[in-house]
Amino acid sequence: MPYRICRSFEIENGHMLSKHPDLCKFPHGHSRKIEFVLEADTLDQNEMVCDFKVLKDAMGEFLRTWDHALCVNTADPQFAVLRQTYGERIVSFENQDPTTEVMAKTLYDLLRTRLAAYARESGHRYSLRPMVRVISVRLWETSRSWAEYSEEKS
């Protein structure tokens, strides 16, 4: 059985779901928790899958761009006005609603890309072996609701 680790981050983040039939079509916010799960069949020279700080190094700066930001579908009629008014605090989702499911997949894809680059680069204080795998990203919307993206097959 492989070893797994999980590193969590917390951000305050809003979204509006233009396709939603009810109140979620209006801007609203969430105290979000993000869980990144990694796995390896063996431990490294420090008896770890990898140091938790690898995840902070790989994703911390990006997550700050989502913190206290509003995620909006670029097709939403208010997108241009919101972007003009609030600049980079409006996070664009190209022609799709930034549901928690869509956001979880976005984070999963970005994490895979960033960890692959991190493993190839030298000079990092914390090492990352290429065989470390991203298992899932779980994004909490509330304390009772989350969405998860994984490419694992059941």
inquiry  = With +1 on the Cβ of every Lys and Arg and -1 on the Cβ of every Asp and Glu, and nothing else charged, how large is the dipole of the chain about its Cα centre, in debye rounded to the nearest 20?
reply    = 100 debye
message = Tell me the Rg and the Dmax, in Å, that the Cα atoms of the chain produce.
response = 16.9, 53
ask   = In whole percent, how big is the carbon plus sulfur part of the accessible area of region 33-116, probe 1.4 Å, protein atoms only?
value = 51 percent
ask   = Put a dot 7 Å past each Cα toward the Cβ at Arg129 and Lys56; how far apart are the dots in nm?
value = 2.3 nm
task = Would you work out the relative contact order for the chain, in percent, from Cα pairs under 8 angstrom that are 6 or more residues apart?
result = 28 percent
request  = Quick one: work out the % antiparallel among DSSP beta bridges in the chain, nearest 5.
outcome  = 75 percent
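With r as the distance between the Cβ atoms of Lys25 and Arg4 and R0 = 30 Å, compute the FRET efficiency 1/(1 + (r/R0)^6) and round to 0.05.
0.20
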Separation between Cα centres of region 11-32 and region 100-154, rounded to whole Å = 23 Å
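The values are calculated or read from the model by the stated rules, or taken from the named source; none is laboratory data. Remember, it's a predicted structure, so these values are computed and weren't measured experimentally. Positions of Cβ are backbone-derived with ideal geometry, glycine not excepted, and every protein chain shown enters the neighbour counts. Surface accessibility is based on the protein's heavy atoms, side chains included, excluding ligands, DNA and RNA. Shrake-Rupley method; radii C 1.70, N 1.55, O 1.52, S 1.80 Å.
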